[in-house]
Amino acid sequence: MTASRSARGRRAAAQAGPLARVAVEVGADEQLVYKISCSACTARGGKPWSAYRPGADNGYLAAMDRWTFHLVEKHPGEDAPCLAFLAEAQQRLHERREGGTTTDE
Ligand SMILES: [Zn+2]
């Protein structure tokens, strides 16, 4: 049995740092979906910033990578445990682009 949904959510929230709002949801096909939104960027008008990625493990990595890039880009003064993995996140982004499977905006 893998980690429970709430345990996964707590782990992701701890990694993402105080600025993130993390939710782990169950998608239509029973697969976990990681959602990370930014508490600082929701105050402005329009849609809040968020990353929404399906997959128990892939979703975690993909959403956390997106969040890490958001922190670096928009909140350079913020500290969060996930920033320790920035180099790995950039490497994964590069690999995804190489594979041509990215669906990012
Ligand atoms: Zn933000």
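Read-outs: derived from the displayed coordinates by stated rules, not from any lab. The structure displayed is predicted, hence computed values, not measured ones. Cβ placement follows ideal geometry from the backbone for every residue including glycine, while neighbour counts extend to all protein chains displayed.
What distance in nm lies between label points placed 7 Å from Cα along the C-beta direction at F69 and A40?
Here the answer is 1.8 nm between the modelled labels.
Given N residues in the chain, what is its alpha carbon radius of gyration divided by 2.2 N^0.38 Å?
Numbers: Rg = 13.5 Å, N = 105, 2.2 N^0.38 = 12.9 Å.
The reported ratio for this selection is 1.05.
Output the lone cysteines of the chain: those with no second cysteine's C-beta under 4.7 Å from their C-beta.
C82
Read phi for every residue in the stretch 22-33 and hand back ³J(HN,Hα) as whole Hz from Karplus 6.51 cos²θ - 1.76 cosθ + 1.60, θ = phi - 60°, with x for Gly and Pro.
Result, rounded to whole Hz: 10, 9, 10, 10, 9, x, 4, 9, 6, 8, 5, 10.
Any idea how far apart D79 and R10 come out in nm if each label point goes 7 Å out from Cα toward Cβ?
Spacing of the two 7 Å Cα→Cβ label points: 2.4 nm.
Sequence gap at least 6, Cα distance under 8 Å: using those rules, report the relative contact order of the chain to the nearest whole percent. Could you put the intermediate results ahead of the total?
Values: 126 pairs, mean separation 22.0, N = 105.
The normalised contact order for the chain reaches 21 percent.
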